[in-house]
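To start, the structure under review is shown below, and the notes come after it.
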Amino acid sequence: MVGGSHGDTLVVAVSARAVEGKATEAALRALADALGLRRRDLRLVTGVTSRDKVVEIEHPPADLTQRVDMLRRAK
């Protein structure tokens with residue numbers, strides 16, 4: 001599930017267990033899908049072992065900010 005916010009942070013919730021990077025990979029795939037991007041365009045910058053992640057998007061679309069804002073407002 002991608003949507004809603006916690007402060008300025010977009011919420012991404014997955015059911016995959018946090019074992020061997022499975023939850024992180026599931027979160028990146030969910031985020032890519034929600035933003036209409038390819039998974040390979042997302043790169044984890046920090047947060048490999050943390051609940052909080054920082055993701056970089058290569059070649060972001062011009063309307064990326066609007067897409068993220070729309071997801072933040074979703075419940």
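Rule-based calculations on the coordinates, nothing more; no lab input. For clarity, every value in this text was computed on a predicted model and none was experimentally measured. Cβ coordinates were reconstructed from backbone atoms using ideal geometry, including for glycine residues, and neighbour counts include every protein chain displayed.
Tabulated data
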read-out: Degrees, to the nearest 10: 22-35 long Cα axis against longest axis of the chain; value: 10 degrees
read-out: Most to least packed among 21-33, 4-16 [average Cβ atoms within 10 Å]; value: 21-33, 4-16
read-out: Listed values [x] 8.1; [y] 4.8; [z] 7.7, entry calculated as mean projected area of the Cα convex hull in nm²; value: [y]
read-out: Using alpha-carbon coordinates, inclination of helix 64-73 to the longest axis of the chain, degrees; value: 70 degrees
read-out: Relative contact order (percent, whole number), the chain, Cα cutoff 8 Å, 6+ residue spacing; value: 33 percent
read-out: Nitroxide proxy distance, nm - points 7 Å out along Cα→Cβ at Met70 and Lys22; value: 3.2 nm
